[in-house]
Amino acid sequence: MVINIPVAQADPYAHPYEDGFSTTFWSDFSIADAFGKDAVRDTFNRAFAEWKSDFRYLTDLVIVLNHKIFQHYDGDRELSKLYDSLWRIADGYAMENLGEKELEYFFRNTD
């Protein structure tokens, strides 16, 4: 006997966190902050290479990088500049590579 139990499908275009979606990017970069710019750069390179093809992860990465720019702006201007350069890479990639629905999601969540 087979019992089919319907499972609600999460809408991939829903607002993040409404459906339980989250990443560890904030924690990852916060840890890297303590080890300096090389660690931040390495964390970005790994995260970007792994997740740039997933629009939800890419969106969250861009959001975290943007917040990190402002977090360090008054305290560590050089780290803030690094985050700005990484943000520009990720944001530019999103602009050039996301499809229509993915861009709508991106704009809705980064605006």
ask   = Restricting to the range 27-66, what's the tally of residues that are surrounded by 15 or more Cβ atoms within 10 Å (Cβ to Cβ) and either of a type outside the set (Gly, Ala, Ser) or touching a Pro at 6+ places or on another chain (Cβ under 6 Å) (or both)?
value = 22
request  = Starting from the range 29-58, take each residue that is farther than 18 Å from Ala94 by Cα and list its partners that are part of a helix (DSSP H, G or I) and charged (D, E, K, R), counting only C-beta distances under 6 angstrom and pairs at least six apart or across chains.
outcome  = Phe29/Lys68; Thr43/Asp28
message = Going residue by residue through the range 11-23, is there one that turns out to be at pLDDT below 95, of a type in the set (Val, Ile, Thr), surrounded by 12 or more Cβ atoms within 10 Å (Cβ to Cβ) and in a loop (DSSP other than H, G, I, E, B)?
response = yes
key: Members of the range 27-76 that are part of a loop (DSSP other than H, G, I, E, B) and farther than 21 Å from Lys101 by Cα   = Ala34, Phe35, Gly36, Tyr73, Asp74, Gly75, Asp76
request  = Considering each residue of the range 65-80, count those that are of a type outside the set (Ser, Thr, Tyr) and over 16 Å from Ala39 (Cβ atoms), and give that number.
outcome  = 7
request  = Collect the residues in the range 77-111 that are within 17 Å of Lys52 (Cα to Cα) and outside any helix (DSSP H, G or I), keeping them in residue-number order.
outcome  = Leu98, Gly99
message = For Ile69, only one of the following conditions fails: (1) touching a Lys or Arg at 6+ places or on another chain (Cβ under 9 Å); (2) touching a residue at least 24 places away in the same chain (Cβ under 8 Å). What is its number?
response = (2)
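The values are calculated or read from the model by the stated rules, or taken from the named source; none is laboratory data. These numbers were taken from a predicted model, which means no experiment stands behind them. In this analysis, Cβ positions are derived from the backbone assuming ideal geometry, glycine residues included, and neighbour counts consider all displayed protein chains.
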